[in-house]
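What follows is one structure encoded as structure tokens, with my remarks underneath.
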Amino acid sequence: MSRKQLCTVPMESDAKPVFGTGTPGLLEMRRLLLGDRQEYYRRTLERFDEVTFIKLFGNKVVLFLTPAGAQAVAMNLDKALANGPAWGTFIGLGFRRGILLLDFDEHRLHRSVMQGAFSSPNLKGYLQEMQPMLADRVANLSPGQVRLDVSYVGSRSHDAPVTNSYNSLSTSDLAQGATYLNQRVPNPFQNLLPGTSLNATTIPRQQLLLPFPQFTNFNQQNIPLGTVWYNSLQISVQKRYAKGFAVTGSYTFSKNIQALNYLNPQDAAPANTIVPLTRKACAEPW
């Protein structure tokens, strides 16, 4: 991984230099959004300390990697940071003079106006005024119209806890075959483990090949390596008739995949399996 400096620090300044990979920002964002975010931040923090930078759309964007740094930027108590120059690059064309592009006293003025307009009592008042109009429009929709809705719903969960055996044979030992592994050999634990199956004169060879041969089996729990995916296609068709009567048909095709269990203790990661509850569903409410 490369290491480049954001800018030159003047000799008389006590500021610390900021380092980053210098990798194009789209590649960095791909690693961040599609990979393990916790691992990304951990590795970046170890390499570049609490502050780093990436290149994005021709600009150098500084990132704070710790909660304290993010809080300092968000609160901006000393009024040292401005929104407009940064956010204007990304949303300036579509949101000219938007509240996110305003700074300092002007930003606070507009924000106070917005907070008053979108307070809970005012929002309830807007809805109360809109409800009669909406009810009238819906009741007078012309019959015969057909509405089709198609949507996608999906989710992905990372770092789910999984369990795996911590005392199992290696793949190279398994390759020796059952005859070799099950052959009984002199037991070095004879008379040392009374009341257990490991106290006899002889013992299967595979027991002595375990990382901890004095134990039969034990597991490591809450390993944060599990993943769960959910994907679904949802289709709804509605046909309206006279006097507000309508018929609606809906169809959902979903697939739920999880990696929460190891097929074999020697596997490097949990295996992907389809959740048994995955199904097609169709409903026709009237």
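Of note:
- Amide H contacts under 5 Å for Val275, placed H, 5+ residues apart: Asn256, Ile257, Gln258
- Rounded to the nearest 10 degrees, the angle from helix 37-48 to the longest Cα principal axis of the chain is 90 degrees.
- Inter-site label distance for Tyr251 and Val113 at 7 Å from Cα along Cβ, in nm: 5.0
- Percentage relative contact order, the stretch 35-139, counting C-alpha pairs under 8 Å, at least six apart: 12
- Sequence-distant contacts, meaning Cα pairs under 8 Å at least 6 residues apart, place the relative contact order of the stretch 15-81 at 31 percent.
- Dipole of the chain, positive end: most advanced residue of Pro161, Leu123, Thr66 [Cβ charges, Cα centre]: Leu123
- Each Lys and Arg Cβ is given +1 and each Asp and Glu Cβ -1; about its Cα centre, the chain then shows a dipole of about 860 debye.
- Cut-off under 5 Å, modelled amide H: who pairs with Tyr166 long-range: Phe218, Asn219, Gln220
- FRET efficiency, 1/(1 + (r/R0)^6) with R0 35 Å, evaluated for Gln190 and Val275 via beta carbons: 0.15
- Using θ = phi - 60° and Karplus 6.51 cos²θ - 1.76 cosθ + 1.60, couplings along the stretch 97-108 (whole Hz; Gly, Pro as x): 6, x, 4, 6, 9, 9, 9, 6, 4, 5, 5, 5
- Scanning residues 5 or more positions from Phe53 or on other chains, those with amide H under 5 Å from its amide H are Gly20, Thr21, Leu63, with H placed 1.01 Å from N in the peptide plane.
- Coupling constants for the stretch 115-120 follow from the phi torsions by the Karplus curve (6.51 cos²θ - 1.76 cosθ + 1.60, θ = phi - 60°), and in residue order they are 4, x, 5, 9, 6, 4 Hz; glycine and proline get x.
- For the peptides 245-254, 120-129, 103-112, residues were scored by their other Cβ atoms within 10 Å and the scores averaged per peptide; the highest-first order is 245-254, 103-112, 120-129.
- Residue-span extension gain [Asn264 to Val146] - 0.36 nm each, minus C-alpha spacing: 37.2 nm
- Lysine pairs meeting the criterion (Cα under 18 Å, 8 or more apart or interchain), as found in the chain: 5
- Residue by residue, the stretch 148-163 carries 3J(HN,Hα) couplings of 10, 10, 10, 9, 10, 10, x, 8, 9, 10, 10, 6, 6, x, 10, 10 Hz when phi is fed to the Karplus relation 6.51 cos²θ - 1.76 cosθ + 1.60 (θ = phi - 60°); x denotes Gly or Pro.
- Sparse-neighbour loop sites [GluC sites (Glu not before Pro); the stretch 19-88; at most 16 other C-beta within 10 Å; DSSP]: Glu50
- Hypothetical label at Gln5: residues of the stretch 24-49 whose amide nitrogen lies under 19 Å (7 Å Cα-Cβ projection): 47-49
- Sequence-distant contacts, meaning Cα pairs under 8 Å at least 6 residues apart, place the relative contact order of the stretch 167-217 at 44 percent.
No lab work stands behind these numbers, since they all come straight from the coordinates. All figures in this text were calculated on a predicted structure; none of them were measured in a lab. Backbone-built Cβ (ideal geometry, glycine too); neighbour counts: all protein chains shown.
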